[in-house]
1. Could you please state how large a percent of the accessible area of region A:30-200 is carbon and sulfur, counting protein chains only and using a 1.4 Å probe?
2. Can you pull the one-decimal nm distance between simple spin-label points at A:Glu80 and B:Ser280, each 7 Å off the Cα toward Cβ?
3. Using +1 on the beta carbon of Lys and Arg, -1 on that of Asp and Glu, and nothing else charged, what's the dipole of the protein assembly as shown about the Cα centre, debye to 20?
4. Which GluC sites (Glu not before Pro) from region B:97-165 combine a DSSP loop assignment with at most 13 other Cβ atoms within 10 Å?
5. Given Cα positions, please report Rg to Rh for the protein assembly as shown, the hydrodynamic radius being the Kirkwood one.
6. Please check region B:262-308 for residues whose accessible area, probe 1.4 Å, is lower by 40 Å² or more when all protein chains are in place than in their chain alone.
7. Suppose we compare each residue of region A:128-165 in its chain alone and in the full protein complex with a 1.4 Å probe; which ones drop by at least 40 Å² of accessible area?
8. Please list the helices of chain B that count as membrane-span-like by this rule: a mean Kyte-Doolittle hydropathy of at least -0.5 together with Cα atoms stretching 18 Å or more along the helix axis, each helix being a complete DSSP H run.
Amino acid sequence: MRSTLFLHGVDLSYCKGVLRVGLIEKKKIMDETAMRRAITRIAHEVIERNKGVKDLVVVGIRRRGGPLAERLAAKIGEIEGVVIPVGLLDITLYRDDLTALGPQPLVHRTEVGFDINGKKVVLVDDVLYTGRTVRAAMDALTDLGRPRSIQLAVLVDRGHRELPIKADFVGKNVPTSSRETVSVRVQEIDGIDEVVIEEKT
Amino acid sequence: MVFTHRKDLLGLADLSRDDIDTILDTAVPMKDVLTRDIKKVPTLRGKVICTVFYENSTRTRTSFELAGKYLSADTVNLAVSTSSVQKGESLKDTIKTIEAMGTDVMIIRHSMSGTPHYVARNTHMRVINAGDGAHEHPTQALLDMYSIREKKGSLEGLKVAIVGDIEHSRVARSNIIGLSKYGCEIRVVGPATLLPAEIEALGVKKYYDVEEALDGVDVVNVLRLQLERQKKGLFPSISEYSQRFCITHKRLSVAKKDVLVLHPGPMNRGVEIDSRVAESAISVVNEQVTNGVAVRMALLYLMMGGAA
């Protein structure tokens, strides 16, 4: 017999448990295999869109865009038999919501060890939501140089845009409510590859 | 975070080791910003910083101003020598005037110890102490600690000699207070008349002989001989001071092989530090200036960036 447990109208019986205060895991939408396949498909799409990999560089947005950018660059490199430069962007100093955030975020290093002038930059993030992070990332990027183009690749697009920003490459479109949170977890940081939807209690 | 429940930075005595770590860690990406073609980030747009220096300064004031500008804050300097202070306006009225113009942070240097504390009590603005008398100069010590940490990897347990006029030095005091939090062995050395009688209460070892003090140290922080404060004949002559305490390569031969030499500037070359040492690879004098901007950017961000 399936036991049922309700909290604030949410059926918890299929939840793994309470992960963080005020967040309940509702549904796993991607596992390791699904994430790997999505990145492989995006890698092919990037190559196809750019007609090859000439002048192509990949830049991840801290934190979880970082490992995803590494994987995407490795996959593109594997397919084309080249090494794709990978960089890491910290956008804290460019945020427009610093005062709205709870605790002040720590500033980390931006590590883009190559010249981005004239390059085709594929910007990578885990979740595309309001678009504000991407706006900040584009500002941060253009302060480093003048790329020929910036393209956006995200693992999950959850909708609810507040700025006119659209991803060029999407791993999975996930319709969500604003009460929900999409958590991408990666092996390098979280010890597991998965994407889950959580709901605020 | 460091300034969540703290309005001001008045001295390192008020900060915990965790607070200092946060400031130094934040200064690392700030230094990256300094080395780019476009040395500007939009973080502190709309914030106003006012520097008020009742004593002369080249690097501290310029460094604060540039740190603010690199973070897109508006910075102004109250030139005390051409201000209404000369007409007899009191410090309290000066503070209120600056506050009324919408200033968020006031950075003050004054020859009287405790002035920044008085200012801080009398304003809603955040206050940073840029040097008060012979008391503290917290941002200098933070940039010294940043410079040491960058070269040595860690501050933990280092042997540091502070050489010169300890008596009049706020740089020495802030360094002692800051480095003590990392378990450093701190030695102070100088003419007996320039070593405060109770300095050992701060947990430092007192030396009168410079070779003895430098034996086996990782870092030598050479203080400026503050010629403007030496009016009481505390040592016979500059040349005698130089003979006994000037930091030369020969004297440094007893220190660790990879010894690091710091000087807060401005240098009296040939008095407290030999020019050849100052120009050599073991000296980080110029990098200290760069690091000073990075550390001050970190402080301004931590104070005003978002809901600090």
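1. Exposed carbon and sulfur together represent 48 percent of the surface.
2. 5.1 nm
3. Here the protein assembly as shown has a charge dipole of around 820 debye.
4. Sparse-neighbourhood loop GluC sites (Glu not before Pro): B:Glu156.
5. Rounded to two decimals, Rg/Rh equals 1.06.
6. Those residues are B:Tyr301, B:Gly306, B:Ala307.
7. A:Asp143
8. Within chain B the helices that satisfy the rule are B:17-34, B:285-304.
The values are calculated or read from the model by the stated rules, or taken from the named source; none is laboratory data. Keep in mind that what you see is a predicted model, and the values were worked out from it rather than measured. A quick note on method: Cβ atoms are made from the backbone with ideal geometry, for glycine too, and the neighbour counts reach across all protein chains shown. What goes into the accessible areas is simple: the full protein's heavy atoms, side chains included, and nothing from ligands, DNA or RNA. Shrake-Rupley method; radii C 1.70, N 1.55, O 1.52, S 1.80 Å.
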